[in-house]
Amino acid sequence: MQSQHWLVKSEPEAYSWANFVRDRRTSWTGVRNYQARNHLKAMRPGDSVLFYESVGPKAVAGLAEVTKIAYPDTTASEDGWVAVELKARRALACPVTLATIKAEPALADIALIRQSRLSVLPLTPKEFARILELGG
């Protein structure tokens, strides 16, 4: 199966890129949107993930990877919600801001803009590569 590409969003006050780097690994819990949950269920170990901080500079800060498939989210009070395990890989040399993404023609159809409220989004290989390129 071919590797997939994702973007996860977090408010820095809740869980920042700096926290993730410190922890090295994290359980991606707390997702309570059905579409985002389906995206978590589709993630596989080795898939690449961009970490986006959704408050403040609103920027893609770093690169991570999926290390464990979906499992029950222990923070949920109802059954059916899932989490995945992510491992931090590296910070981007230059965070890629939302303004930069919106100004980039190659990213005009990115889910981050079309479905801005989702916290877990799929990316095409071209979108993923372009963001990494923009991030140095």
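The values are calculated or read from the model by the stated rules, or taken from the named source; none is laboratory data. Keep in mind that what you see is a predicted model, and the values were worked out from it rather than measured. Cβ atoms come from the backbone with ideal geometry, glycine included; neighbour counts cover every protein chain shown.
Put simply, of 75, 124 the only residue that is modelled with pLDDT of 95 or more, closer than 25 Å to residue 45 by Cβ, hydroxyl-bearing (Ser, Thr, Tyr) and loosely packed, with under 13 Cβ neighbours inside 10 Å is 75.
Scanning segment 97-133 for residues that are of a type in the set (Lys, Arg) and part of a helix (DSSP H, G or I) returns 102, 114, 126, 130. Under the condition of being farther than 19 Å from residue 110 by Cβ and modelled with pLDDT of 95 or more, the residues counted in segment 41-72 number 12. Of all residues in segment 60-72, none are free of Cβ contacts under 8 Å to residues at least 60 places away in the same chain and within 14 Å of residue 118 (Cα to Cα). For segment 58-66, the count of residues that are of a type in the set (Lys, Arg), surrounded by 14 or more Cβ atoms within 10 Å (Cβ to Cβ) and not in a loop (DSSP other than H, G, I, E, B) is zero.
Note on segment 4-36: residues that are farther than 13 Å from residue 88 by Cα, without any contact (Cβ under 8 Å) to a residue 60 or more places away in the chain and not in a loop (DSSP other than H, G, I, E, B) amount to 1.
Report yes if some residue within segment 28-36 is in contact with a Phe, Trp or Tyr (Cβ under 6 Å, 6 or more places away or on another chain), surrounded by 13 or more Cβ atoms within 10 Å (Cβ to Cβ) and under 20 Å from residue 112 (Cα atoms); otherwise report no. Checking segment 28-36: not a single residue is in contact with a Phe, Trp or Tyr (Cβ under 6 Å, 6 or more places away or on another chain), surrounded by 13 or more Cβ atoms within 10 Å (Cβ to Cβ) and under 20 Å from residue 112 (Cα atoms). A Cβ distance below 9 Å, combined with a sequence gap of six or more or placement on separate chains, defines the contacts here; from segment 117-131, residues that are in contact (Cβ under 8 Å) with a residue 24 or more places away in the chain and among the basic types (Lys, Arg) reach residues that are surrounded by fewer than 19 Cβ atoms within 10 Å (Cβ to Cβ) and in a loop (DSSP other than H, G, I, E, B) in the pairs 117/33; 130/104. Only one entry of 83, 76 meets the criterion of being part of a strand (DSSP E or B), in contact (Cβ under 8 Å) with a residue 40 or more places away in the chain and more than 16 Å from residue 130 (Cα to Cα), and that entry is 83.
Entry remark, segment 5-32: residues being within 12 Å of residue 121 (Cα to Cα) and at pLDDT below 95 number 0 in total.
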